[in-house]
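Colleague: This is the structure I want to talk about, given as structure tokens.
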Amino acid sequence: MKTITGIISDKLSAAFSDCGYDGKYGVAGISNRPDLCQFQCNGCMAAAKEYKKAPLAIAQEIVQKLSGDTFFSKAEACPPGFINISLSDAVLAGYAADMARSERLGFEPGHTGRTAVVDYGGANVAKPLHVGHLRPAIIGESVKRIEKYDGYETIGDAHLGDWGLPIGLIITEMAARNPELPYFDPEYTGEYPDKCPVSISDLEEIYPTASARSKEDEEYRSRARTAVVDLQKGRRGYIALWKQIMDISKADLRKNYDNLNVHFELWNGESDADALIMPMIEEMKKKGITRISEGALVVDVKEDTDKKEMPPCILLKSDGAAIYASTDLATLVDRENRFHPDKVIYVVDKRQGLHFEQVFRTSRKAGIVRDETELIFLGNGTINDKNGSPFKTRDGGVMRLEALIGDVVDKVLEKMSDRDMTGEEKNRIARIVGLAALKYGDLSNQATKDYNFDIDRFTSFEGNTGPYILYTMVRIRSILEKCGMSEFEKLTGCDCDFKNVTPFEEGWLEGLCKDREISESERKLLLSLTSFSSALRYAADELAPHRLCSFIYELSDCFNGFYHDNRIVTEEKDSLKKAWIALILLVYEALGIVLYLLGIVVPERM
Ligand code: ARG
């Protein structure tokens, strides 16, 4: 199905052409002044320049042309040259009925048959997840789901940091504590113990201790660096220990990501690209794009048009060690070999922007990706506390993700204290609602902007929050149950296979404006529903989950206005009751699909 603005634009373009103007000026969008009209076209301003006429005169001609078309309930020319448009109620209801009949509520996937890799975990092995990992995980998961809805075959990669200094630090600290373990004896040739000598909670203590020590102790730091080099060269004992640490750490990370409802198709790490680095560098040397700079092997990536400084991309440091950039480049080689992606999206802290620019330019220069492959860096902003300062624990430490989630869930539990539920059910639901609060609070902000984490606002059951949207769905559910509509269970929204067939019969929805005037709150709700495809198109093209949040917030608000004005369950006129049921089923479905795309789970009650 065409987007609603697309249909209006087509009609306007035809009118522009009929009046002798270029049809391109007929683009319509959602109105900035919903008090005056539903849609607007600003094309007359630009047309006025080309045709050297007053914009208002052109607008009047177009409006004249549209008069008599029952598609519109209003088409007005307004100074200085806007065209204000509203649609007839029957058109709105008809569009909504078409949505109900269509797959994906009429949203047309734009990229079927293409492949996108989304790189969005970035957690470091042996270090617990902290607040900084929250945004890439939830934005990345949502972007991946949106891209999939838009037709891409998607592959989410955790791209774990499993090969760098943190591992060297852990090895060094463990060797200092238990030098007798066979992993540290270079002469040892026997079998290593089959169990990792440390647990995940040991690691959580070992890493920070080692990291702090390395900052004070030069000699210790250099031992840790040597350990990394030895590990990467394949020292037997280190590899054995590293594998065991990897296993327990990965299992723990998986549990944490699962809890967030974030799921990766690939659990690759930086180490997986290691074997590809040297052959890749050899190719680059052959191509003649590398040079030696102060002992390091680099690729120049500066371009004449650069406004900012663009240092060369370092492939090998002067000691011959590969680094972060070489790993990311080799990972691209691997992705190209295995998936031939049309698009690679990185959701990583925006402070890594320079690194990715260097990597992207080098990969183009080296021909690692095809010219048409899109490389996109979606740099996320930082989460600050309520007052805009960096997020810390009370004693100034780094805030663990689990602790943050715990705080949010506790807050929700407080609000649900009067609910008639068993303790177990309440805990389960509070966790679902808490995660929704956390995710929605994050996703409703533009990904690239920093935002302040305000636990009271995020967990509120009113306003632009996750709990408010969930509450709306739960409310619709309860109305449907009261109307005997168990059919809504069939709706696919929440575990989307995208093939929705909304369970009401042909003609129900059209009953909304048969032999009656529809009310303002019904009209608003219909209008809000019809922007489903436009919102999704924008979110997919711009990688903008926040656009989906504003869509469902508005839709929920419109629903609640409608609910306030009408008594659905007790309505006596059968055709009207059916029309309302059809309408709210559609709202339920739209909310469910979008929440799924945001990675948010809906409880059955709350
Ligand atoms: N592990 C990295 C860090 O903590 C983030 C990885 C991001 N992804 C990438 N392909 N470089 O900074």
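Colleague: Normalising by the residue count of the range 1-85, find the relative contact order in percent from Cα pairs under 8 Å and 6+ residues apart.
Modeller: Values: 142 pairs, mean separation 21.5, N = 85.
Worked out over the range 1-85, it gives 25 percent.
Colleague: Show which aspartates and glutamates lie in cross-link reach of LYS215 when reach means a straight Cα distance below 19 angstrom and same-chain residues fewer than eight apart are skipped.
Modeller: GLU173, GLU204, GLU205
Colleague: While we're here: Which loop-located chymotrypsin sites (Phe, Trp or Tyr not before Pro) does the range 59-144 contain, where loop means any DSSP state but H, G, I, E or B and the Cβ has at most 16 other Cβ atoms within 10 Å?
Modeller: Values: sites: PHE71, PHE72, PHE82, TYR95, PHE107, TYR120; in loops: PHE71, PHE107, TYR120.
Listed in order of number, the matching sites are PHE71.
Colleague: With everything on Cα atoms, drop me the angle between helix 520-530 and the longest principal axis of the chain, reported from 0 to 90° to the nearest 10.
Modeller: 50 degrees
Colleague: Given 0.36 nm per residue, what is the gain on full extension from ASP202 to LYS215 after removing their alpha carbon distance, in nm? List each step's numbers first, then the result.
Modeller: On the way: separation 13, 0.36 × 13 = 4.68 nm, distance 2.04 nm.
Contour length minus Cα-Cα distance gives 2.6 nm.
Colleague: Shifting gears a bit: For the range 89-193, what's the relative contact order in percent, using C-alpha pairs closer than 8 Å and at least 6 residues apart?
Modeller: Details: 98 pairs, mean separation 30.1, N = 105.
Rounded, it is 29 percent for the range 89-193.
Colleague: Restricting the count to DSSP beta bridges whose residues both fall in the chain, what percent are antiparallel, rounded to a multiple of 5? Mind showing how you got there, number by number?
Modeller: On the way: 23 of 44 bridges.
Percent antiparallel among DSSP bridges in the chain is about 50.
Colleague: If you build the convex hull over the alpha carbons only and average its shadow over all orientations, what do you get for the chain? Give it in nm² to one decimal.
Modeller: Values: hull surface 135.6 nm².
Approximately 33.9 nm², given one-decimal rounding.
Colleague: How high is the relative contact order of the chain, in percent, counting Cα pairs under 8 Å that sit 6 or more residues apart?
Modeller: Working: 985 pairs, mean separation 90.7, N = 606.
Relative contact order, the chain: 15 percent.
Colleague: Something else now. Which value in deg cm²/dmol, rounded to the nearest 500, describes the helix-derived mean residue ellipticity at 222 nm for the chain, given -39,500 (n - 2.57) per DSSP H run of n ≥ 4 and division by the residue count? Each step should come with its number before you reach the end.
Modeller: Working: 20 runs with 303 residues, N = 606.
Taking each H run of at least 4 residues, the total per residue is -16500 deg cm²/dmol.
Colleague: If you take every residue apart from SER199 with its C-beta less than 13 Å away from the C-beta of SER199, what net charge results, scoring Lys and Arg +1 and Asp and Glu -1? It would help to have the intermediate numbers written out before the result.
Modeller: Numbers: positive: LYS195; negative: ASP202, GLU204, GLU205, ASP247, ASP252.
With Lys, Arg at +1 and Asp, Glu at -1, the neighbours total -4.
Colleague: Can you give the local net charge around PRO179? Use residues other than it whose beta-carbon is closer than 13 angstrom to its beta-carbon, Lys and Arg +1, Asp and Glu -1. Walk me through the intermediate numbers first.
Modeller: Details: positive: ARG177, ARG223; negative: GLU173, GLU180, ASP185.
That works out to -1.
Colleague: Give me the percent of the accessible area of the range 364-441 that comes from carbon and sulfur atoms, probe 1.4 Å, all protein chains in place. Don't jump to the answer; show the numbers that get you there.
Modeller: Numbers: 1860 of 3990 Å².
Answer for the range 364-441 is 47 percent, counting heavy atoms of protein chains only.
Colleague: Per residue of the range 78-95, in order, report the coupling 6.51 cos²θ - 1.76 cosθ + 1.60 (Karplus, θ = phi - 60°) as ³J(HN,Hα) in whole Hz, putting x for Gly and Pro.
Modeller: My calculation for the range 78-95 gives 10, x, x, x, 7, 10, 9, 9, 10, 9, 6, 4, 5, 5, 4, 5, x, 5 Hz in order.
Colleague: On to the next question. Using +1 at the Cβ of each Lys and Arg and -1 at the Cβ of each Asp and Glu in the chain, identify which of ILE30, GLY113, ASN464 lies farthest towards the dipole's positive end.
Modeller: ILE30
Colleague: Set the Förster radius R0 to 45 Å, insert the Cβ-Cβ distance between ALA14 and LYS317 as r into 1/(1 + (r/R0)^6), and round the FRET efficiency to 0.05.
Modeller: Working: r = 63 Å, r/R0 = 1.39.
Efficiency, from the Cβ-Cβ distance: 0.10.
Colleague: Can you send over the carbon and sulfur percentage of the accessible area for the range 77-171, probe radius 1.4 Å, protein chains only?
Modeller: Values: 1230 of 2320 Å².
Looking at the range 77-171 in its full context, I get 53 percent from C and S.
Colleague: Then there is this: At a 1.4 Å probe radius, carbon and sulfur cover how many percent of the accessible area of the range 208-257?
Modeller: Carbon plus sulfur share of accessible area: 52 percent.
Colleague: Which whole-number value in Å² is the accessible area per residue of the chain, probe 1.4 Å? Spell out each step's value before the answer.
Modeller: On the way: 26960 Å² over 606 residues.
Per-residue value: 44 Å².
Colleague: Let me ask another. Students often get this wrong, so check it: of LYS148/LYS439; LYS524/LYS573; LYS302/LYS386; LYS127/LYS317; LYS255/LYS343; LYS426/LYS524, which have C-alpha atoms separated by over 31 Å?
Modeller: Working: LYS148/LYS439 19 Å; LYS524/LYS573 22 Å; LYS302/LYS386 40 Å; LYS127/LYS317 25 Å; LYS255/LYS343 28 Å; LYS426/LYS524 35 Å.
Violating the 31 Å limit, Cα to Cα: LYS302/LYS386; LYS426/LYS524.
Colleague: Would you mind telling me the antiparallel percentage of the DSSP bridges in the range 319-466, rounded to 5?
Modeller: On the way: 2 of 11 bridges.
Counting DSSP beta bridges with both partners in the range 319-466, the antiparallel share is about 20 percent.
Colleague: If you average the C-alpha positions of the range 68-83 and of the range 303-327 separately, how far apart do those two centres end up, in angstrom?
Modeller: With the range 68-83 and the range 303-327 each reduced to a Cα centre, they are spaced 56 Å.
Colleague: Let me ask something additional. Stretch ASP410-ILE292 to full length: gain in nm at 0.36 nm per residue minus the Cα-Cα span? Spell out each step's value before the answer.
Modeller: On the way: separation 118, 0.36 × 118 = 42.48 nm, distance 5.61 nm.
Working it through step by step, the gained length comes to 36.9 nm.
Colleague: Could you list the GluC sites (Glu not before Pro) in the range 172-257 that lie in coil according to DSSP, counting only those with at most 10 other Cβ atoms within 10 Å of their Cβ?
Modeller: Working: sites: GLU173, GLU180, GLU187, GLU191, GLU204, GLU205, GLU216, GLU218, GLU219; in loops: GLU180, GLU187, GLU191.
Those satisfying the criteria are GLU180, GLU187, GLU191.
Colleague: For the range 31-124, which trypsin sites (Lys or Arg not before Pro) are both in a DSSP coil and crowded by at most 12 other Cβ atoms within 10 Å? Don't skip to the answer; put the middle values down first.
Modeller: Values: sites: LYS49, LYS52, LYS53, LYS65, LYS74, ARG101, ARG104, ARG114; in loops: LYS52, LYS53, ARG114.
Passing both the DSSP loop test and the Cβ count: LYS52.
Colleague: Add +1 for every Lys or Arg and -1 for every Asp or Glu among the other residues with Cβ under 14 Å from the Cβ of ARG33, and state the total. Kindly include the intermediate steps, with their values, before the conclusion.
Modeller: Details: positive: LYS74; negative: ASP35, GLU76.
Once all neighbours under 14 Å are counted, the net charge is -1.
Colleague: Then there's this: At what distance in angstrom do the alpha carbon centres of the range 370-391 and the range 542-606 lie from each other?
Modeller: 31 Å
Colleague: Another question, then. For the range 196-245 and the range 152-173, compute the distance between their C-alpha centroids and round to whole Å.
Modeller: So the two Cα centres are separated by 14 Å.
The values are calculated or read from the model by the stated rules, or taken from the named source; none is laboratory data. Everything quoted here is computed from the prediction, not taken from an experiment. Every residue, glycine among them, receives a Cβ derived from its backbone with ideal geometry; neighbour counts consider all protein chains shown. Heavy atoms of the whole protein, side chains included, go into the accessibility calculation; ligands, DNA and RNA do not. Shrake-Rupley method; radii C 1.70, N 1.55, O 1.52, S 1.80 Å.
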